[in-house]
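**Student:** Submitted below is the structure of interest, expressed as structure tokens.
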Amino acid sequence: MEATVGSANTIGKLNSEAPVSKATANYKEQAAGKTVGIPFVEHPKMSMRDVQVYYGDKQAIFDVGLDIGKNEVVAMIGPSGCGKSTFLRCLNRMNDTIDICRVEGSLKLEELDIYDPKLDVVPLRARVGMVFQKPNPFPKSIYDNVAYGPRIHGLVSRKSELDEIVETSLRRAGLWEEVKDRLLSPGTGLSGGQQQRLCIARTIAVSPEVILMDEPCSALDPIATAKIEELIAELSANFTIAIVTHSMQQAARVSDRTAYFHLGKLIEVNETEKVFTNPDHELTEAYITGRFG
Amino acid sequence: MSEKLSTIDLVNKNLARRYRREKRFRAYGIASIMFGLLCLVILFADIIGKGHSAFLQTYVRLNVELSAEALGISDINDPSQFVRANYDGVLRNALRERFPEVNKRREKRNLYGIISNGAGYQLRDLLEQNPQLINTRVDIWVLADDDYDTYYKSRSSDGSEAYTGRFSETQIGWIEALIADGVVEKRFNRTFFQAGDSREPEQAGIRGAMMGSLYTLIVTFVLSFPIGVAAAVYLEEYAHKNRFTDFIEVNINNLAAVPSIIFGLLGLAIFINFFSMPRSIPLVGGIVLTLMTLPTIIISSRAAIKAVPPSIREAALGIGASKMQVILHHVLPLAMPGMLTGAIIGMAQALGETAPLLLIGMVAFIVDVPGGITDPSTVLPVQIFLWSDSPERAFVERTSAAIMVLLGFLIVMNTLAVLLRRRLERRW
């Protein structure tokens, strides 16, 4: 907690004392070349190499290589359209739903090749869960929302076990106290922030190893956002988390490492504190100081 | 330079005109709705005005001498004697008794025509139930013939000039005499709802056509809904977008625009000629109407599936639901109201469809009420068509009454659909 507060302060400082002298005229040119910083770690949970993503003829991701360590929170930041969401959605093959999308390169969850054509995506997605930008609870009861994953994967054989999973998941998502008396009322009747926490509870109910979060707070007010961020910090004790965010403060508060994407390329990956205090790449600096984005 | 108006003055100046336009715009909508309602009111007023009298039927009370000799029943324990007994004879005797002055052969024949030629069966049913009535004299109410029925109905409703049709003065004299006796009465027309078709209007009923329509629609729904939904699910969820699926889509849309009579020809050629299925049966009718209804159901089901928010799909996929689970657990329940709407529209079309059924023989004159999907039968719109073509005056009101039954059928179906949809939609 202390560390995150520290980072938030440094951002404030950086914004006021931003050096404007650096050349930022042609970002496209600067984006060429290798990723700077520390994209790779030892014993990664997920490891991606030379990832290329195409939408039809258009290439959206260029040569991205990145590791995500066990129980690490990696934030992905960058201007709109930089490919960070696309990259995130490759990690549990959510891009499969888009007909024209093609992924190349090596993407591994531990030893498992994610893009092996023979791989069944169902167990993969049970291991790599996802929370989306807009809260999207099922139009079912709160209980059924959380119980859905364990039910379809056949994780439980008795009602009591299911009850237990639902309660634990809701507790871990910090929602139990608010909804324990109305588990059978519809999940869509909750407030936006509660819905998003319900979605997180639904994801962790199947005990995934990795949770992908695609701008989980962009549709929420600051108080709900704060709650989710707290929750991410707690969850990182048990889960590996990759989070895409538009809010640099959020990246600074919740993540261990931050990856900066620009026009489909991974520009820099570094310890979060370093990215926000002393980035290695000019583009990163330009972005975090708000000169574009 | 003239005085320059400020913005707000300009706005105010134009305000009145803008409001007038708004009002006019709204008035167009109201006028359209009023026009629609007016057409509906005229239609209903006309049909109900013509058809309401068909729900009543004229009966004549006769004092009948049920002598065993005249009937030809010697043993009341022999059922075959009851079948063959001369019921018409005793009824005629009763008529002759009432009008002893009639003695010419031709006149007598006209006299017997006062009562329906189904009256004999009525008497038979009575005697089979109560054989102890034999050799007594009873008052029974028998069906009047349709001409007298029409005369009596038009007479009493107006009080003025009645519809006499082909009647001679003597015939009018008879019926007036009976009316003066107080032995003519209008009762609720149960026959209309219990009998099949008949050449005699007073014995004709809608039940055969109603059951035929019901069986046909059941076959249509059972076939077209699952097939339509399955096709829509495949096209929306599984099929890749390529030339072939475009081709299929274009052809489904084409199919929706094919004249229905062509489906009838197809049914005739394939199901009846090639597969040698029987003519005039609801099974074949249902299959033909399925072909016709499918495009409607597929198109509306696809639209309903498309309208399911992608976020729900993603949510389910994101926690590892398989494609089938996403479809069965999330997409179909959410799309069901829309799909049902499409199905009901299709079924309503099928209910009113006449042309293709004419070609597969459902236009035959069928007296028996069908008991299943393989019994020869006709359907409501075809029955309306048949009756509207009949020369008897009494069929005019029956035609309108049949239209009322058809509309009632439609209203029930649509109400059911709306209720069902509400129920399902509440799960959102």
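The values are calculated or read from the model by the stated rules, or taken from the named source; none is laboratory data. Quick caveat, the model's predicted, so the values are computed rather than measured. Glycine gets a Cβ as well: all are built from the backbone with ideal geometry, and neighbour counts include every protein chain shown. Heads up: the accessible areas ignore ligands, DNA and RNA and are worked out on the full protein's heavy atoms, side chains in. Shrake-Rupley method; radii C 1.70, N 1.55, O 1.52, S 1.80 Å.
**Student:** So for B:Val250, B:Val184, what's the accessible-area order with a 1.4 Å probe, most first?
**Tutor:** Greatest to least solvent exposure: B:Val250, B:Val184.
**Student:** Residue-wise, which Karplus ³J(HN,Hα) couplings in Hz belong to region B:121-133, taking 6.51 cos²θ - 1.76 cosθ + 1.60, θ = phi - 60°, and x for glycine or proline?
**Tutor:** 5, 4, 5, 4, 4, 4, 6, 4, 6, 10, x, 5, 6
**Student:** On to the next question. Amide H neighbours of A:Glu268 under 5 Å, at least 5 residues apart or on other chains, H built in the peptide plane: list them.
**Tutor:** A:Val36, A:Tyr260
**Student:** So, counting K/R as plus one and D/E as minus one, what does the shell of residues with Cβ under 9 Å around A:Leu119 add up to? Don't skip to the end; give the middle numbers.
**Tutor:** Details: positive: A:Arg93, A:Lys118; negative: A:Asp113, A:Asp116, A:Asp120.
Local charge sum for A:Leu119: -1.
**Student:** At q = 0.08, 0.10 Å⁻¹, work out log10 I(q)/I(0) for chain A with the Debye formula, treating every Cα as an identical point scatterer and leaving solvent out; two decimals please.
**Tutor:** One equal scatterer on each Cα of chain A leads to -0.35, -0.54.
**Student:** Quick check: from the Cα gyration tensor, does region A:205-264 come out rounded (a/c under 1.5), prolate or oblate? Please list the in-between numbers first.
**Tutor:** Working: a/c = 1.65, a/b = 1.14, b/c = 1.45.
Oblate, because a/c is 1.5 or more while a/b does not exceed b/c.
**Student:** Give the Rg/Rh ratio for region A:151-209, taking Rg as the radius of gyration of the Cα atoms and Rh as the Kirkwood radius, to two decimals.
**Tutor:** Reported Rg/Rh, Kirkwood definition of Rh: 0.96.
**Student:** If B:Met210, A:Met48, B:Met324 are ordered by their accessible area, calculated over protein heavy atoms with a 1.4 Å probe, which sequence runs from highest to lowest?
**Tutor:** B:Met324, B:Met210, A:Met48
**Student:** Here is a further query. Take the Cα coordinates of region B:207-425, assign each an equal point scatterer, and use the Debye formula without solvent to give log10 I(q)/I(0) at q = 0.12 Å⁻¹.
**Tutor:** These q points yield log10 I(q)/I(0) values of -0.70.
**Student:** Give me, ordered by chain and number, the residues 5 or more places off A:Ser141 or on other chains with an amide H under 5 Å from its own placed amide H.
**Tutor:** Residues meeting the amide H criterion: A:Gly187.
**Student:** With every protein chain left in place and a probe of 1.4 Å, what is the accessible surface of A:Glu177, to the nearest 10 Å²?
**Tutor:** Using a 1.4 Å probe on the heavy atoms, I get roughly 120 Å².
**Student:** Please arrange B:Arg199, A:Arg253, A:Arg151 by accessible surface area, largest first, computed with a 1.4 Å probe and ligands excluded. Walk me through the numbers on the way to the answer.
**Tutor:** Working: B:Arg199 155, A:Arg253 90, A:Arg151 120 Å².
Solvent-accessible surface, decreasing: B:Arg199, A:Arg151, A:Arg253.
**Student:** Output the antiparallel fraction of DSSP beta bridges having both residues in chain A, as a percent to the nearest 5.
**Tutor:** 55
**Student:** From Cα pairs below 8 angstrom and at least 6 apart in sequence, can you work out the relative contact order of region B:207-425, rounded to a whole percent? It would help to have the intermediate numbers written out before the result.
**Tutor:** Working: 293 pairs, mean separation 69.4, N = 219.
Relative contact order of region B:207-425: 32 percent.
**Student:** May I pose another question? When each pair of different Cα atoms in chain B is counted once in the 1/r mean, what is the Kirkwood radius in angstroms, to one decimal?
**Tutor:** It is 26.7 Å.
**Student:** Over 23 Å, how big is the tail of the calculated P(r) for region B:227-354, in percent of all Cα pairs?
**Tutor:** Working: 3467 of 8128 pairs.
Cα-Cα pairs of region B:227-354 separated by over 23 Å account for 43 percent.
**Student:** Mind giving me the nanometre distance, one decimal, between the label points for B:Ser32 and A:Asp113, set 7 Å out from Cα along Cα→Cβ?
**Tutor:** 6.0
**Student:** What ranking, highest mean first, results for peptides A:230-237, A:201-208 when packing means the other Cβ atoms within 10 Å averaged over each residue? Spell out each step's value before the answer.
**Tutor:** Numbers: A:230-237: 16.9, A:201-208: 25.4.
The packing order, highest mean first, is A:201-208, A:230-237.
**Student:** Taking θ as phi - 60°, what are the ³J(HN,Hα) couplings along region A:103-109 by the Karplus curve (6.51, -1.76, 1.60), each to the nearest whole Hz, with x for Gly and Pro?
**Tutor:** Listing the rounded values in order: 10, 10, x, 10, 10, 10, 9 Hz.
**Student:** Scan around A:Ile114 for amide H atoms under 5 Å from its own, H built in the peptide plane at 1.01 Å from N, and keep only partners 5 or more places away or cross-chain.
**Tutor:** A:Leu107, A:Lys108, A:Leu109
**Student:** A further question follows. Hey, how much of the P(r) for region B:89-205 falls beyond 25 Å, as a percent of Cα pairs? Please report the intermediate quantities before stating the final value.
**Tutor:** Numbers: 1788 of 6786 pairs.
Result for the distance tail: 26 percent.
**Student:** Where does the charge balance sit around A:Tyr148 when Lys and Arg score +1, Asp and Glu -1, over other residues with C-beta under 9 Å from its C-beta?
**Tutor:** Working: positive: A:Lys140, A:Arg151, A:Arg202; negative: A:Asp144.
Once positives and negatives cancel, what remains is +2.
**Student:** OK, next. Based on alpha-carbon positions alone, could you give the equivalent ellipsoid semi-axes of the protein assembly as shown from the gyration tensor, as √(5λ), descending, whole Å?
**Tutor:** Working through the eigenvalues yields semi-axes of 81, 30, 24 Å.
**Student:** Please list 3J(HN,Hα) in residue order for region B:309-323, calculated via the Karplus relation 6.51 cos²θ - 1.76 cosθ + 1.60 where θ = phi - 60°; whole Hz, with x for glycine and proline.
**Tutor:** The phi angles translate into x, x, 4, 5, 4, 4, 4, 5, 4, x, 9, x, 6, 6, 4 Hz.
**Student:** As a test, work out the antiparallel percent of DSSP beta bridges whose residues both lie in the protein assembly as shown, rounded to the nearest 5.
**Tutor:** Around 65 percent antiparallel, to the nearest 5.
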